[in-house]
Each structure stands twice: as structure tokens, then as C-alpha cells.
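Student: Take a look at the following structure, please.
The values are calculated or read from the model by the stated rules, or taken from the named source; none is laboratory data. As the structure is a computational prediction, the values presented were derived from the model and not from experiment. Heads up, the Cβs are rebuilt from the backbone with ideal geometry, glycines too, and the neighbour counts pull from every protein chain shown. Just the protein is used for accessible areas: all its heavy atoms, side chains included, with ligands, DNA and RNA removed. Shrake-Rupley method; radii C 1.70, N 1.55, O 1.52, S 1.80 Å.
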Amino acid sequence: MNKIDSKVPKGPLAEKWTNYKNSQKLVNPANKRRLDIIVVGTGLAGASAAATLGELGFNVLNFCIQDSPRRAHSIAAQGGINAAKNYPNDGDSVYRLFYDTIKGGDYRAREANVYRLAEVSNSIIDQCVAQGVPFAREYGGLLANRSFGGAQVSRTFYARGQTGQQLLLGAYSALCRAVNRKQVKLYTRYEMLDLVIIDGRARGIIARNLVTGKLERFAAHAVVIATGGYGNAFFLSTNAMTSNGSAAWQCYKKGAWFGNPCMAQIHPTCIPVHGEFQSKLTLMSESLRNDGRIWVPKKIEDAEAIRAGKLKPTQIKEEDRDYYLERRYPAFGNLVPRDVASRAAKERCDAGYGVGSTGLAVYLDFAEAIQRLGKEVVEERYGNLFQMYEKIVDDNPYETPMMIYPAIHYTMGGLWVDYELMTNIPGLFAIGEANFSDHGANRLGASALMQGLADGYFILPYTIQNYLADQISVKRFSTDLPEFEQAEKELSDRIDKLMSIQGKHSVDSIHKKLGHVMWELVGMARDEKGLKEAIVQLKEVKKDFWTNVRIPGKKGDFNTELEKALRLADFIEIGELMAHDALDREESCGGHFRIEHQTEDGETLRHDDKFAYVSVWEYRGEDKAPVMYKEPLEYEFVVREQRNYKS
Amino acid sequence: MDKDINIKVKVWRQKGPKEKGRFETYALKNISQGSSFLEMLDILNEQLINEGKIPVAFDHDCREGICGMCSLYINGHPHGPDGEITTCQLHMRSFNDGDTITIEPWRSAGFPIIKDLVVDRTAFEKIMQAGGYVSVNTGGIPDANAIPIPRDKAELAMDAAACIGCGACVAACKNGSAMLFVAAKVSQLALLPQGRPEAARRAKSMVAKMDELGFGNCTNTGACEVECPKNISISNIARLNREFLNAKFKD
């Protein structure tokens, strides 16, 4: 009855990947030259995959929407990358990294995939060092490590507060080399807008040249989606402005399954929204919670006075402050995981204790740390973050507490893939944040970089060969085939339809409405009533969009508004699927918090007996409800426990 | 304390690469000084769209100063008047009520205009492809700690590696030289043992590509260093020259 085959190899956990590699099919060098692979996206996953596949001898076509692969949003990751090197000799191992990741994901990820991730993590560090990534080092010349949330060991490698940048530039340099050697052909300022399927297999894409506005066809033997997550469905998020879910969504609409769409991560320490015209939210590194203390006023009248600008936080006496994380979670205090810290901030603000002009902010206070450590030490640890904060908010965090509030940061859900990172459409692969596979219901800090590079450097280049091995006699496809013709025509009609609306509202103004519905009803705390309301409201947003959007300019031109409109059309539908999935999952786990399902103390309450599965959604057509399949998560190696941060 | 201000912006408008461009002036009312410079442009575009006009095209993405996508020459400075930040990190509190702000694209032979404020920086890609890497394939790499690297060397390499490839150095340079960009990459890799084997070849091929693409020469005016949002030092150019000359002497 279950049609889902995750293709997890048999055998002990630690031997699965080795056994797979020993028995998989390979493609010989002469045949590699005859096979074309399209890789969409140039972030950590896309760039590392394109470069590696090119080196192996495949013909790679690599696409990105920016003017350079180096602009992909992986570049903005701050903190670090995890690996099980155990250089500090503090007891780390592949198994521990695996276990922490499974537990951090609230037991909603696939065991075999996560183990493999931990297994290849060490090779990533070796690879990056060889490329010239300037990781932080000790005086003895060896690599430095630091600790991060959700782990008892120091396993995070870092390059100042710019680890994502340095890792991406490493992958990008490998990609540059592959382009120079004609192993990869690069298409910048191109956006994939549709997937082409021939005889049930992924065989190409339709992409829009963003400079000329022309639709172009590209054929290949396999297509790899590495386009990141869909957090911008919330309009305001820590994602980049052009980060979008459209490539993955077009695959979904062509039959690819979508896994766990409701799983989105909300990061607790972002700079709060300041006004109506805010375009994005800026993340402040999780590391600040090591020394900063989070609080709001104890008295509601103090909170009101602060919001009215009549009182300053420094005027509130110590006994009138509520250090609510320390109060609720004595054992972990300010260092509880991201989901817990985010919900606690929302709870206080909803109860009327929020600060800032909007009341949607809490304090992150370093006064005690400055007293304990001295200003110099605090500056050494967090100077660059304090400076960034001051540039944006115009407040000096050494003198007055920072204000922070949670924001959407990462989506754990994504295209469903099997152990080989292939979707249910043969020849269509998804890697990095674009797939659903490794983080379950919550991702740990410093694990996104690890997963992107693991998929791109060390996993996909193996697994894709198992698929391509029986494609060697398949000749290159002509892009004149009716399948390409039809896909382009449908897309062209869709663009014409959008251009012809000529309504009254800008794309951004409708995107903001979508974001509002998503944040209020499908955000940090969800319940049945709200989610049903969200589904109704999202239908209205969709109708509003398709009748009232105004796209100036022409389609055959550099037209940012048209680009945004195409993405927004998909975000609205992604939002709908997120709401359906959240409604369906009647439990709380990781980043998915259902108000009806919490412990007496307000913590997440999983129902392993009913919901220990991946929800796998299938598109059934424009006005039809999608169908949900379940991929059971039968744990062979790990025992599920309730997470506890109190004692 | 942030106020709302009324300003005028004088923006370069150009329909396409070969069209004739011109300045257009727009008035904006009640702009919060707490908004970012790019949010001010979002407001302008919202206004233009509501008036049935074509919005201003400009490049931007991460809006947190790291992707290098945003550009803009603001009141005669790449990334605006404030130091050590990109345009996306610039806030309206740097301006006053009644100001007229001039906004232009990067102007340089190496970066042709695509539309309005958007320029084509493909030349940087070509320079990188000419040699901005260490030639290693994926896999088969010795342990990351096999070669110790002195901490100060690693830190210097990191200083150079912080370049975001935005092109402000080229835009700031009266000669339109890309030396700071090239020097940052050459230095980063020359400082590390992993990059040494190819150091000479890298310096030669990146410089040759830069010359071929029409970027000007470096005359040590230092404007690039002053305007660089990431504080990349011109001492990297000295290091590049050293690498380059060494390579030439060996030839």
C-alpha cells in the first residue's frame, strides 16, 4: 500500500554508506563525457555539486539568478560548520554528531541519511582547507573549534563570523576552475521556471534570461535542484531578497513530492521589525546568547511606559526585570534551543510585556557580562555584531540592552528525496536546503553548511552515477521536442496572463499581505482554528494577486517586478501547502508548535505513536486538494525521548 | 532619535546598455531615518509603480552586507558616505531633511550598464576563472590538520579573503583598475601553503586577464582602499606586485 521507497540500504547503520558505494553502479570516463547534468543553484550545495560533477567528467550546466555564483545566500551564514573531527579530544565521534542531529531534529529525520551526513563531515573540512579556506587557527597552527547549541562538544569550525562566505568562496573557486577547464558551463542571471519531463524522466528545464527576458530551453540527462528554501513565503525573513521556492515548487507541480512543508525554523535573535517598509530581517548570531541575558519588564505598566518612550530599560530596577528564560529553564537558561527561545519571546510579547515602539521585542542585555568580563572581553567576542547592530538600530549595545525578536530563518521541509537524493521523478535530484532530508523538525546551528557541502561534494556525485549508469546509451535530447515546446508555451501563457492583469497593487504590497497571514497564523504557534482561517485567507490573497497585481514594463526585458511576481505566485501556493501540512500534523515537534499539543509547562509534545513519519505531499491539479502519503520513520538505532531543558 | 525626512533623489535612468541615459529627480516624503537606503529605494519604486511608471532597476540581495550584489555610487561615493559598509547597510539617518541625493551606477569601462543602476560584472567572473583557485579535485585530501599554518598567516589570509567582489574598488579608481580585487584573491592564496605551488601562475594569469578585459592600471592613489566596504588593505597590492614580479623574473 505504501508506494514510498526511501531506498535505504540494509545492514548496520555504520556500514550502510560504505556498502552502498561498494555495490552502486558507476559510469566510465568515456561515457561521462556523453552525459549532461543541469544543476540549478550555486550555493554551497549547487556550487560544490557542479564543480565536483564537472571534475568527474560530466558536462555540467549550472544556473544562478544573481550575476555571480558567489552571491548565493549561503554566503550569509555566520557561525560555523560542524564536523566530527574530535580535534579538541572532548569525546566527539561520528555517532555523537549523528545522535545530536537526530535529537535536535526532534526525531523526525531519517536515520540513515543523518548518519551518512555525520560520516562525510570530516572530509568536508579537509576539502575546504585544501581549497584555501582560512579557518580560524590556534597559535600552534592547527584548526580551532568552538561550541554551538544542542551539543556537549566543541565541533564547530569557523572563519570569524563569515564561515558561510568562506566556504562558499571555496566552492565557488572550485567552480571557477571547472568553468575554466570547460567542464561546467555557467549561466548567470538565469532563472529556472519549469521542469521538462520526457517519458517520465527529468530531461531539462525552461529558464528565463533575466537580462533579455527571453525564455530558453535546456536539455540534459539529469536535473539537480539546489535552490535553497522557501522562508520568504513569510515576506520578512533572514533570507536574501531573491531567495525563493519556485524551482522546487515547479517540480512539485510536475509531480515531485514535497516533504514536511510545515517544518520551518524561527531564529530567536534577529533585529526586530522597525516599520511598515521593512524589507528583511537581520540575524544576530546565536553566539550572543552565551553572555547576553534575555529579559522583559516584570510590571506591565513599565512595559507600556517603555513602548511610549517615557522610560528607558536602564531605568528599570533589577527586581523589576523578568529574565524569563532563566526563570522557566533553570538548567539551560538563555542557551535553550532556537525553537524554545523563540516561543518564549512570543509568549511574553503576546502577554503585553514586549518592548520597543511596536511591543514586539525583548531585551538582550550585556550589562552583567560587561561587569563580569570587562568591556574589552565583550568587545573581543562580539565587537563586529555590536557594530552591525549599532549601524542598523543606532543604539549602542554596550550602554543600552539590544532588542531582539524571532524571525523565519530556514526551512527544514523541501522536495522529498530518497537515500540517493533523488526525488520520485527519475533523474530529478534535490540537494541542500531544497530537500527535506536531514534536519527533521528542527535544524541545529552550524549544520546547514555541513549538509549543503556533504550533498554536493560527497554524496550526489556518487548517487547520481547509479542513475546515470543506465542512461549512457540515451542520446542528447533536442530542445525542439514537443515536451519542451509545451512547457515553454504554458510558461509563456502564464507570464502573459500575469502581465495582462494590470491591477492596482504592486507585487511587494501583496507579498506583505501573504507574509502577514503566514506569520500570524502559520508562524511560531499554530492551532486548528488559526490554520483553517489561514487556508481561507490564503485563498483570498491568491485571488487578490491574480486580479489586482500590477506589473509595469515588458516581459521581454530586464524586469524585476515580473521576476518577483512569478516567485510570489508560487509562495502563495507554498504557504497553502504549509498550512495544510501544519493542520494535518496534530502534534508539536521542533519548529512546528501546535498550541493544542503542549506539556503542562508549555513545551512541545510529540505523538510518536501517530506522527513518526515524513508527510509526503503530491500535487493533484490546480483546484484539487493535494494528497498526503506517509513515509514511516522506523528507528532501528536510536530511542526517542522527550527533550528536557529544565533540569 | 530617528525622524521622518523629506528628500529628493536624483537617479540615473538608462533603458538598456546602448540607450542614452539621463538623471531623473524624484521627491520622497516622510522617509523614516530608521529605514535603510535600499528600503528608501523600495518606497520610491512603490511610488513609481502606483503612478504607472517604470521602477528603478538596482542590484541587491542579502541586504546584510555580505553577498556583494548591491552597488550604487551615492553622492560621489561607492556604497555612500558612511565608511566600512555596503549600500544595503547604509541607513537614512546619514541624510538630512531637504537633502538631494545623487545615485549613479558603478561607472567603469569594465562594468557596462545593463539597465538604470544595474551593471554587468561578468569581468570579475572571468578574472576568477583565469586562476583564482587552488587546483584540487574533490576527495583524496590529507587530513585538515596535516599542514599547520601559523595563526598570523591565517589571519592575514582571512583579511584578504573578506572581499565580497562588489566592485567598489573599480568604481572608486580613476583608472578603473581591478587591482585590489585581484590582489585580495592572489594574497589570500599566496599566504597559505595550499596556494603556494600555483602562486606564480595564478598572479600572472589573473593579471593578464584583468588587462585583457580593459581594466586600467594601478597608480597607487589608494581610493580603492578608502572606499572598500570590507577594509581590504592596499598592502595586498604590494603583495600581488611581488608575486607577479617574481613570476616574471623566473620566466
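Student: Give the residues of the range A:67-77 that are surrounded by 23 or more Cβ atoms within 10 Å (Cβ to Cβ) and either more than 7 Å from chain B (Cβ to nearest Cβ) or in a loop (DSSP other than H, G, I, E, B) (or both), sorted by residue number.
Tutor: Filtering the range A:67-77 for residues surrounded by 23 or more Cβ atoms within 10 Å (Cβ to Cβ) gives A:67, A:69-77.
Result: A:D67, A:P69, A:A72, A:S74, A:A77.
Student: Here's a follow-up. When you go through B:N50, B:N45 one by one, which is the residue that is free of Cβ contacts under 8 Å to residues at least 40 places away in the same chain and either under 22 Å from B:P78 (Cβ atoms) or β-branched (V, I, T) (or both)?
Tutor: Working: B:N50 fails: either under 22 Å from B:P78 (Cβ atoms) or β-branched (V, I, T) (or both).
Exactly one of B:N50, B:N45 is free of Cβ contacts under 8 Å to residues at least 40 places away in the same chain and either under 22 Å from B:P78 (Cβ atoms) or β-branched (V, I, T) (or both), namely B:N45.
Student: Okay, next question. If I ask for residues that are assigned to a loop (DSSP other than H, G, I, E, B) and at the interface with chain A (Cβ under 7 Å from one of its Cβ atoms), which ones from the range B:143-167 would you list? I'd like the intermediate steps shown before the answer.
Tutor: So the first thing to find is which residues in the range B:143-167 are assigned to a loop (DSSP other than H, G, I, E, B), and the list is B:143-150, B:162-167.
Listed by number, the residues that qualify are B:D143, B:A144, B:N145, B:P148, B:I149, B:P150, B:A162, B:G165.
Student: May I pose another question? Mind checking whether some residue in the range A:137-146 is within 18 Å of A:Q78 (Cα to Cα) and part of a loop (DSSP other than H, G, I, E, B)? Explain how you work it out, then say what you get.
Tutor: The initial filter retains those residues of the range A:137-146 that are within 18 Å of A:Q78 (Cα to Cα), namely A:137, A:143-146.
Now narrow it down to the ones that are part of a loop (DSSP other than H, G, I, E, B): A:144-145.
Checked the range A:137-146: at least one residue is within 18 Å of A:Q78 (Cα to Cα) and part of a loop (DSSP other than H, G, I, E, B).
Student: Turning to a different aspect of this structure: Looking only at the range A:493-509, how many residues end up being open to solvent by less than 30 Å² (accessible area, probe 1.4 Å) and either in contact with a strand residue (DSSP E or B) (Cβ under 6 Å, 6 or more places away or on another chain) or within 18 Å of A:R208 (Cβ to Cβ) (or both)? I'd like the intermediate steps shown before the answer.
Tutor: Filtering the range A:493-509 for residues open to solvent by less than 30 Å² (accessible area, probe 1.4 Å) gives A:495, A:498-499, A:503, A:506-507.
Right, trim to either in contact with a strand residue (DSSP E or B) (Cβ under 6 Å, 6 or more places away or on another chain) or within 18 Å of A:R208 (Cβ to Cβ) (or both) and you get A:495, A:498-499, A:503, A:507.
Qualifying residue count, the range A:493-509: 5.
Student: Against the conditions (1) within 30 Å of A:E347 (Cβ to Cβ); (2) part of a helix (DSSP H, G or I), where does A:F545 fall short? Just the number, please.
Tutor: Every condition holds for A:F545 apart from (1).
Student: Considering only residues that are over 23 Å from A:A345 (Cα atoms) and of a type in the set (G, A, S), which ones fall in the range A:578-633?
Tutor: A:A612, A:S615, A:G621, A:A625
Student: Against the condition under 30 Å from A:E483 (Cα atoms) and either facing chain B (nearest Cβ under 9 Å) or within 22 Å of the chain's Cα centre (by Cα) (or both), how does A:L193 come out, does it pass? Give the derivation first.
Tutor: On the way: under 30 Å from A:E483 (Cα atoms): yes; either facing chain B (nearest Cβ under 9 Å) or within 22 Å of the chain's Cα centre (by Cα) (or both): yes.
So A:L193 passes the test.
Student: Can you go through A:V378, A:V340 and tell me which one is in a helix (DSSP H, G or I) and more than 30 Å from A:A233 (Cα to Cα)? Spell out the reasoning first.
Tutor: Values: A:V340 fails: more than 30 Å from A:A233 (Cα to Cα).
Of the residues listed, the single one that is in a helix (DSSP H, G or I) and more than 30 Å from A:A233 (Cα to Cα) is A:V378.
To keep it simple, each residue is scored yes or no on (1) among the hydrophobic types (A, V, I, L, M, F, W, C); (2) farther than 30 Å from A:D100 by Cβ; (3) in contact with a Lys or Arg (Cβ under 6 Å, 6 or more places away or on another chain); (4) more than 14 Å from chain B (Cβ to nearest Cβ).
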site	(1), (2), (3), (4)
A:A441	yes, no, yes, yes
A:L460	yes, no, no, no
A:I464	yes, no, no, no
A:K475	no, yes, no, yes
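Student: Let me ask you something else. Would you please list the contacts, defined by Cβ atoms under 9 Å and residues six or more apart or on different chains, that run from a residue in the range A:609-625 that is free of Cβ contacts under 8 Å to residues at least 12 places away in the same chain to a residue that is part of a loop (DSSP other than H, G, I, E, B)?
Tutor: From residues that are free of Cβ contacts under 8 Å to residues at least 12 places away in the same chain, the pairs are A:R620/A:P626.
Student: Can you tell me which residue within the range B:89-107, out of those that are more than 9 Å from chain A (Cβ to nearest Cβ) and in contact with a Ser or Thr (Cβ under 9 Å, 6 or more places away or on another chain), is nearest to B:A172 (Cα to Cα)? Give the steps one after another, and end with the answer.
Tutor: Here is the first cut: in the range B:89-107, the residues more than 9 Å from chain A (Cβ to nearest Cβ) are B:92, B:94-107.
Right, trim to in contact with a Ser or Thr (Cβ under 9 Å, 6 or more places away or on another chain) and you get B:92, B:100, B:105-106.
Details: B:M92: 22, B:T100: 21, B:P105: 12, B:W106: 8 Å.
Ranking the qualifying residues of the range B:89-107, first place goes to B:W106.
Student: Does A:G141 satisfy being surrounded by fewer than 24 Cβ atoms within 10 Å (Cβ to Cβ) and in contact (Cβ under 8 Å) with a residue 12 or more places away in the chain?
Tutor: Working: surrounded by fewer than 24 Cβ atoms within 10 Å (Cβ to Cβ): yes; in contact (Cβ under 8 Å) with a residue 12 or more places away in the chain: no.
Criteria not met by A:G141.
Student: Which residue, of B:E155, B:E84, is of a type in the set (D, E) and outside the structural domain of B:K29 (by TED's automatic domain parsing)?
Tutor: Working: B:E84 fails: outside the structural domain of B:K29 (by TED's automatic domain parsing).
The match here is B:E155.
Student: Could you grab me the full set of residues in the range B:63-85 that are more than 7 Å from chain A (Cβ to nearest Cβ) and of a type in the set (V, I, T)? Lay out the reasoning, then the answer.
Tutor: Restricting attention to the range B:63-85, the residues satisfying the condition of being more than 7 Å from chain A (Cβ to nearest Cβ) are B:65, B:70-84.
Across the range B:63-85, the qualifying residue is only B:I74.
Student: Could you grab me the full set of residues in the range A:154-194 that are modelled with pLDDT under 95 and open to solvent by 20 Å² or more (accessible area, probe 1.4 Å)?
Tutor: Across the range A:154-194, the qualifying residues are A:S154, A:Y158, A:R160, A:G161, A:Q162.
Student: Only residues that are of a type in the set (D, E) and modelled with pLDDT of 95 or more: list them for the range A:600-647, please.
Tutor: Residues of the range A:600-647 that are of a type in the set (D, E), as a first pass: A:600-601, A:603, A:608-609, A:618, A:622-623, A:631, A:634, A:636, A:641.
Selection gives A:D608, A:D609, A:E618, A:E631.
Student: Looking at A:V129, A:V114, which is the one that is buried (at least 24 other Cβ atoms within 10 Å of the Cβ), in a helix (DSSP H, G or I) and either modelled with pLDDT under 95 or touching an Asp or Glu at 6+ places or on another chain (Cβ under 8 Å) (or both)?
Tutor: Working: A:V129 fails: either modelled with pLDDT under 95 or touching an Asp or Glu at 6+ places or on another chain (Cβ under 8 Å) (or both).
That would be A:V114, the only listed residue that is buried (at least 24 other Cβ atoms within 10 Å of the Cβ), in a helix (DSSP H, G or I) and either modelled with pLDDT under 95 or touching an Asp or Glu at 6+ places or on another chain (Cβ under 8 Å) (or both).
Student: Going residue by residue through the range A:401-418, is there one that turns out to be surrounded by fewer than 18 Cβ atoms within 10 Å (Cβ to Cβ), more than 30 Å from A:D570 (Cα to Cα) and within 14 Å of chain B (Cβ to nearest Cβ)?
Tutor: Narrowing the range A:401-418 to residues surrounded by fewer than 18 Cβ atoms within 10 Å (Cβ to Cβ): none.
No - not one qualifying residue is present in the range A:401-418.
Student: Return yes or no: is A:T423 buried (at least 24 other Cβ atoms within 10 Å of the Cβ) and touching a Leu at 6+ places or on another chain (Cβ under 7 Å)?
Tutor: Values: buried (at least 24 other Cβ atoms within 10 Å of the Cβ): yes; touching a Leu at 6+ places or on another chain (Cβ under 7 Å): yes.
Taking the combined requirement at face value, the residue satisfies it.
Student: Tell me, which residue of the range A:373-392 that is at pLDDT 90 or above and open to solvent by less than 60 Å² (accessible area, probe 1.4 Å) is nearest to B:T87 (Cα to Cα)?
Tutor: A:Y389
Student: Considering only residues that are at the interface with another protein chain (Cβ under 10 Å from one of its Cβ atoms) and part of a strand (DSSP E or B), look in the range B:11-62 and name the one that is most open to solvent (accessible area, probe 1.4 Å).
Tutor: Top of the filtered list is B:S32.
Student: Any residue in the range A:617-638 that is β-branched (V, I, T) and over 23 Å from A:G414 (Cβ atoms)? Break it down into steps so the answer makes sense when it comes.
Tutor: In the first step, residues of the range A:617-638 are kept if they are β-branched (V, I, T); the result is A:627, A:638.
With over 23 Å from A:G414 (Cβ atoms) added as a condition, the list becomes none.
For the range A:617-638, residues β-branched (V, I, T) and over 23 Å from A:G414 (Cβ atoms): absent.
Student: Moving on to the next point. List pairs: first residue in the range A:375-390 and over 21 Å from A:T282 (Cα atoms), second residue at pLDDT below 85 and open to solvent by less than 50 Å² (accessible area, probe 1.4 Å) anywhere in the structure, Cβ distance under 9 angstrom, at least six positions apart or on different chains.
Tutor: So the pair list comes out empty.
Student: Is there a residue being at pLDDT 95 or above, under 30 Å from A:S123 (Cβ atoms) and not basic (K, R) anywhere in the range B:74-93?
Tutor: No - not one qualifying residue is present in the range B:74-93.
Student: Regarding A:A202, is this residue surrounded by 24 or more Cβ atoms within 10 Å (Cβ to Cβ) and in a helix (DSSP H, G or I)?
Tutor: On the way: surrounded by 24 or more Cβ atoms within 10 Å (Cβ to Cβ): yes; in a helix (DSSP H, G or I): no.
So A:A202 fails the test.
Student: Test A:V94 against the stated conditions and say whether it is away from chain B (no Cβ under 14 Å), surrounded by fewer than 24 Cβ atoms within 10 Å (Cβ to Cβ) and at negative phi.
Tutor: Values: away from chain B (no Cβ under 14 Å): yes; surrounded by fewer than 24 Cβ atoms within 10 Å (Cβ to Cβ): yes; at negative phi: yes.
Answer is yes for this residue.
Student: Of the residues in the range A:241-270, how many are open to solvent by 10 Å² or more (accessible area, probe 1.4 Å) and in a loop (DSSP other than H, G, I, E, B)?
Tutor: Residues that pass the stated criteria total 7.
Student: Give me a count of the residues in the range A:52-105 that are of a type in the set (D, E, K, R) and in contact with a Ser or Thr (Cβ under 7 Å, 6 or more places away or on another chain). Spell out the reasoning first.
Tutor: Start the filter on the range A:52-105 by keeping residues that are of a type in the set (D, E, K, R), which leaves A:55, A:67, A:70-71, A:85, A:90, A:92, A:96, A:100, A:103.
Narrowing further to those that are in contact with a Ser or Thr (Cβ under 7 Å, 6 or more places away or on another chain): A:55, A:67, A:90.
So the count comes out to 3.
Student: For the range B:168-182, does any single residue satisfy the condition of being in contact with a Leu (Cβ under 9 Å, 6 or more places away or on another chain), of a type in the set (K, R) and more than 8 Å from chain A (Cβ to nearest Cβ)?
Tutor: Within the range B:168-182 (the criterion being in contact with a Leu (Cβ under 9 Å, 6 or more places away or on another chain), of a type in the set (K, R) and more than 8 Å from chain A (Cβ to nearest Cβ)), the answer is no, since none of the residues qualifies.
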